[in-house]
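Asks: Structure below; questions to follow.
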Amino acid sequence: MTRERWTEVARIIFTGLMAFLYWQQLIPIQALWGAVAIGLYPLVRTGAFDVVKERKIGTEIFVTIATVVALIGGETVAGAVLMVIILIAEFIADLNMDRARASIKDLIGSVPQVALVRDAGGERIVPIENLRAGDVVLVRAGEKIPVDGTVVGGAASVNEASITGESIPKDKRDGADVFAGTIVESGALDIETEKVGADTTFARIISLVENAEAEQAPVQKLADKVASWLIPVVLIFLVAVYLYTHDVRMIVTLLIFTSPAELGLATPLVIIAAIARAARSGILVKGGVYLESLAKVDVLVFDKTGTLTANKPEVVGVEMQDGTLSEADLLSLAAAADRRSAHPLAKAVVNYAARMKIDVPEPDQYEQLQARGVKATVSGRIVLVGNASLLREAGVPLSDAIEKGGQTPFTSRSMGNSRA
């Protein structure tokens, strides 16, 4: 929690403790008045802002009036307890908002604050705010890309899930576009800077989410509108009751039970909690208005990868092009070449070989071919494993059916000219 939240906790505990001590007749009433004044401060401040800026009487003003009436009428403990309850409710709402924002930031990620710039003078670390269009930034494996730009050197696999939602890494080579906030999983890239800071795609996504959070859902607007009209009506009603009965205790009781504070707090609290819970499950909801819109939805369209699937590629079949190798031998060679690769498709091949209980030897030589695949020497055989373009470059003919049907083709070739 932030320092501000701890201050709110201390205020609630202090006010509640003073009310309890006064109830036990351990402190004078003046001490309780001081504690109530400290507790009322944030409510008065927020209520005054609503009156001046929003031209409305909010729940904070209502609670302040209820507390003051209780103090004047001699129901000091009841007034203090009412105020503490409202402070707790608002603290829970603020805490849920903080958790929602934190969950969203964790889900989306963050952008590095410095970048490694390469120029004629060598390599130097530069703060992001000092970067300019045209600067060449070097990003290595495991690092986040700090800018939007174009690849001008190197090759790498980049996880763009924070931008596209697609967690399978994309191969990037010269001329490819890359985005701030994405992660280089293997390889290294020289990136010519095009956009920095608030101009990047990542920053615009963050801005859209923050703006959407500030946009109230229709049900929340309705609750606020009802509460804003209900408060003056209740106050007029209570004045009439007091003029008729002159019973302050009844007025305090009615103030507690007719308080519209719950109406004003419950709706945003539920929406905030829902957004936070969704973010912790990996779902980014841009605001309460979209949650409410779900009640009218008849059809849902999903992105398959990572949404309806396990977000973990698996081998679903092996197709032999040459009969000189058995399927087990081919898998053994492919898994041996892939066992040192961090690419998700390579891991899928290795895991499939393990499930099939196939012996996977250690490669004699290994070379990572960024954005294409791997080249290895296994038991005296030269093995290529990677995408279709890699195999075509090596002179392996591939049928169109391999790249159709909803699966991702992952091909390999040994000296026996076999593929899977």
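Asks: Taking one equal scatterer on every alpha-carbon of region 12-68, how large is log10 of I(q)/I(0) by Debye at q = 0.25 1/Å?
Replies: -0.91
Asks: Per residue of region 238-247, what does 6.51 cos²θ - 1.76 cosθ + 1.60 with θ = phi - 60° give for ³J(HN,Hα)? Whole Hz please, x for Gly and Pro, Karplus curve as stated.
Replies: Ordered by residue, 3J(HN,Hα) equals 5, 4, 4, 5, 5, 4, 8, 9, 6, 9 Hz.
Asks: Checking a compactness column here: for region 343-382, what do you get for Rg(Cα) / (2.2 N^0.38 Å), N being the number of residues? Don't skip to the answer; put the middle values down first.
Replies: Values: Rg = 11.1 Å, N = 40, 2.2 N^0.38 = 8.9 Å.
Taking N as the residue count of region 343-382, the ratio is 1.24.
Asks: I'd like the Karplus ³J(HN,Hα) series for region 12-17: coefficients 6.51, -1.76, 1.60, θ = phi - 60°, whole numbers in Hz, and an x wherever there's a Gly or Pro.
Replies: 5, 5, 4, 5, x, 5
Asks: Also, quick follow-up: Can you list the residues, at least 5 places off or on another chain, whose amide H is less than 5 Å from the amide H of residue 136, using H built in the peptide plane?
Replies: Excluding prolines and chain starts, which carry no amide H, the hits are 118, 193.
Asks: What are the radius of gyration and Dmax of region 163-205, computed over its Cα atoms and given in Å?
Replies: In order Rg, Dmax, the Cα atoms of region 163-205 give 10.9, 27 Å.
Asks: With θ taken as phi - 60° and the coefficients 6.51, -1.76 and 1.60, list the Karplus ³J(HN,Hα) couplings across region 33-40 in order, rounded to whole Hz; mark glycine and proline as x.
Replies: For region 33-40, the Karplus-derived couplings read 4, x, 5, 5, 4, 5, x, 6 Hz, x marking Gly and Pro.
Asks: Let me ask something additional. Under the rule of at least 5 residues apart or a separate chain, name every residue whose amide H is placed under 5 Å from the amide H of residue 372.
Replies: Counting only residues 5 or more places away or on other chains, the set is empty.
Asks: What do you get for trypsin sites (Lys or Arg not before Pro) in region 1-65 restricted to DSSP loop and a cutoff of at most 11 other Cβ within 10 Å of the site's Cβ? Before the final figure, lay out each step's value.
Replies: Details: sites: 3, 5, 11, 45, 53, 55, 56; in loops: 55, 56.
Counting only loop positions with at most 11 other Cβ atoms within 10 Å, the trypsin sites (Lys or Arg not before Pro) in region 1-65 are 55.
Asks: Pull up all non-local amide H partners of residue 378: gap of 5 or more, or a different chain, and H-to-H distance under 5 Å with H placed in the peptide plane.
Replies: Those lying under 5 Å, H to H, from residue 378 are 364, 383.
Asks: When ranked by the protection proxy of mean other Cβ atoms within 10 Å per residue, highest first, what sequence do the peptides 120-129, 352-361, 384-393 form? The partial results should precede the final answer.
Replies: Values: 120-129: 9.8, 352-361: 14.2, 384-393: 19.6.
Result, highest mean first: 384-393, 352-361, 120-129.
Laboratory data are not the source of any read-out in this text; all were calculated from the coordinates shown. Values in this document were obtained by computation on a predicted structure and should not be read as measured data. Note that each Cβ is placed from the backbone with ideal geometry, even for glycine, and that neighbours are counted across all protein chains shown.
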